[in-house]
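The values are calculated or read from the model by the stated rules, or taken from the named source; none is laboratory data. Please read all numbers here as calculations on a predicted model, not as lab measurements. So basically every Cβ, Gly included, is an ideal-geometry build from the backbone, and we count neighbours across all protein chains shown. With ligands, DNA and RNA removed, areas are computed over all heavy atoms of the protein, side chains included. Shrake-Rupley method; radii C 1.70, N 1.55, O 1.52, S 1.80 Å.
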Amino acid sequence: MSSTTLLVELSLILSIGFAILFFMYYKYLNAKTEADVAANENNYYDYGSYLRDNKRRGGFLSPNNFILNDSKSIGMRYLMSAIVFFFIAGSFGLLMRVSLVEPNPTLFAGREVLYDVLTTEHSILMIYMWALGGAMGIAYYLLPSFLKVKADKYGSISSTAFWIYLLGGIFILLSRTSTRWYFYPPLALQLNPYGAGAYNWLAVIGLEMIFIGITIAAIVVIRMIIMDRGDNVPLTKMPLFAWSVLFTLLMFLASAPFLMAALVMLFYDFFNPIFFTGVAGASSPLSFAELFWIWGHPIVYIAILPEFGLIYEIIPKFTGKKIYSYTSGVIGLALLMPLSELVWGHHLLNSGFGLQWGLFFSTASFLVVIPSAITVFNYIASMWTADKIRLSTPMLFVINGIFDFIIGGITGVMQSMLVVNIQVHGTYWVTGHFHFIFMGITTGIIFASVYMLWPTITRGRKYDQRLATWHMALTAIGSFIMSMGWTIGGFLGMPRYVSGYFARFQVYQDIAIAGGVIIGIGQLFFLANLIKSTLDEPSTTTNNAFEDTYNDEEPSPDKEPEPLGNPSAVGGE
């Protein structure tokens, strides 16, 4: 290709790009002007506050989600992106599962490194784009209403943070990285065949951009909670979901800088390896592993702490009773923040830390059970004291999440024992432990929240209760089968992160494959429900059960909530 042709093509691409940007800016000005006029006519400080109180919601596919910079539009933006990445990463996971149908590689025979690519992309996108993105979306959408925020400030900053975050996720997707989600050197510095590894540096840039975007957003949301909430919402009456988001973002800001610094050094190593090579006086790869896990374990709690808060908001809607103990709810969430920062070393118990450090991290891992147990007992007591529980889809997701979290917590405590860790380290036991929690709490509660918000995100449509029940049931059953197959096989020594395995482990792999396929089928019911609702005519208001709880001028967790009378109250029919 000649330089002239290349210049013409580049000019054409840039021209089209600028035309698209100009059109988006034009639409933004029109939409903002219209919203500003409405806000002024109704004596609002800004259009974001007007949109919040008047429930002017555009649904998932509204162009306003990508044009306006109010918190609700940004929340929809995060949530829509999270769902898209969930299906992309889920497809990678299902393809990876099916490839293990035989002990010897079949689907990727001779191209085993592609299994590494799928494993890496699946884990990174699920953690950073689905778990983080989903939680940030729900937080941006609900907190202004929950906290009666005085003014919807810093929308432009939040919008910029989102686009940085989204571009980072796209970079990771395009990088075809094969480093696993922890980017250990020297694996991350190696170039592998079939394009895997050739652009690992792009994945490092992408992850750094995700951190930058979420850091900016975290500062904005923390300010919203601490400084911008309404005068009639003191800290002592703040919703438990707001507390969970606050603790989550503080945990993020405390732990993320360690990996951000490590990624900068790792990026330099791609071009001038001096930091983590272990030669010529450089630090060993273990130094990077330590920096990673100082962040890597808190991200596990960052992925579930907002969902803990959402469970506290969902349960009262289906029991008609307030949470059993508001104070212990705050204490349980608060204790998870510092304790989760102290247990990172249990990921490296077999790395030569020595007995003293091993005992410290093992003990800390036992202590983190205390706030987790406080939280779970609070959930159970809230349901136990209710006269009746309406088992609609969101509540079924909550009950399943509590059940899965208990199993995942027990297996986590077991593997924290030094002698057990020697047996299960590097096996599918760890994968099963993580997926019990991630599928039950993170994925299940985000979907429960989507169903609670259904009339809002679909512009007044109801979801089909039968399709939603199938979605929940298949997701719950499939994840249990998959995670239990991994847990049993891992205890017997089945290694993870490999594209082949010994024939004696085939039964456990087949069980996990069956569970993964069931999960995949379950998500088709969700898509069918979303399509069906979009094609139906609006049949209800755009109100949602989350925000209706906090419509009072002086919301308080001490008030008994109004029970939902039927599934249609949360958008089901």
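Looking only at residues in the stretch 318-336 that are β-branched (Val, Ile, Thr) and assigned to a helix (DSSP H, G or I), the one that is nearest to PHE366 (Cα to Cα) is ILE331. Within the stretch 109-167, the set of residues being open to solvent by less than 10 Å² (accessible area, probe 1.4 Å) and of a type in the set (D, E, K, R) comprises GLU121 only.
With respect to the stated conditions, SER351 is polar (S, T, N, Q) and modelled with pLDDT under 90. Inspection of the stretch 198-210 identifies at least one residue that is aliphatic (A, V, I, L, M), over 17 Å from the mean Cα position of the chain (by Cα), crowded, with 21+ Cβ neighbours inside 10 Å and over 23 Å from THR375 (Cα atoms). Hey, does the stretch 350-370 have a residue that's of a type in the set (A, V, I, L, M, F, W, C) and part of a loop (DSSP other than H, G, I, E, B)? Checking the stretch 350-370: at least one residue is of a type in the set (A, V, I, L, M, F, W, C) and part of a loop (DSSP other than H, G, I, E, B).
Does LEU249 count as under 23 Å from LEU143 (Cα atoms), surrounded by 22 or more Cβ atoms within 10 Å (Cβ to Cβ) and either touching a residue at least 60 places away in the same chain (Cβ under 8 Å) or within 23 Å of the chain's Cα centre (by Cα) (or both)? Spelling it out, LEU249 is indeed under 23 Å from LEU143 (Cα atoms), surrounded by 22 or more Cβ atoms within 10 Å (Cβ to Cβ) and either touching a residue at least 60 places away in the same chain (Cβ under 8 Å) or within 23 Å of the chain's Cα centre (by Cα) (or both).
Inspect the stretch 302-317 for any residue being under 19 Å from ILE370 (Cβ atoms), out of contact with any strand residue (DSSP E or B) (no Cβ under 9 Å at 6 or more places or on another chain), open to solvent by 10 Å² or more (accessible area, probe 1.4 Å) and part of a helix (DSSP H, G or I) and give the result as yes or no. No, the stretch 302-317 contains no residue that is under 19 Å from ILE370 (Cβ atoms), out of contact with any strand residue (DSSP E or B) (no Cβ under 9 Å at 6 or more places or on another chain), open to solvent by 10 Å² or more (accessible area, probe 1.4 Å) and part of a helix (DSSP H, G or I).
Listed by position, the helices (runs of 4 or more DSSP H) contained in the stretch 434-530 that have at least 2 residues being in contact with a helix residue (DSSP H, G or I) (Cβ under 6 Å, 6 or more places away or on another chain) are 444-452, 465-491. Restricting attention to the stretch 318-350 and to residues that are among the polar types (S, T, N, Q) and touching a His at 6+ places or on another chain (Cβ under 9 Å), the residue that is surrounded by the most Cβ atoms within 10 Å (Cβ to Cβ) turns out to be SER340. If the condition is being surrounded by fewer than 21 Cβ atoms within 10 Å (Cβ to Cβ), in a helix (DSSP H, G or I) and of a type outside the set (A, V, I, L, M), then the stretch 220-246 contributes ARG223, THR236, LYS237. Listed by first and then second residue, the pairs with beta-carbon distance under 6 Å, at least 6 apart or on different chains, first residue in the stretch 529-551 and closer than 18 Å to MET238 by Cα and of a type in the set (Phe, Trp, Tyr), second assigned to a helix (DSSP H, G or I) and at pLDDT 75 or above, are PHE546/LEU142; PHE546/MET452; TYR550/SER145; TYR550/PHE146.
Matching residues to (1) surrounded by fewer than 17 Cβ atoms within 10 Å (Cβ to Cβ); (2) modelled with pLDDT of 75 or more; (3) touching an Asp or Glu at 6+ places or on another chain (Cβ under 7 Å); (4) on the phi > 0 side of the Ramachandran plot:
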residue	(1), (2), (3), (4)
SER71	no, yes, yes, no
GLY75	no, yes, no, no
MET96	no, yes, no, no
PRO103	yes, yes, no, no
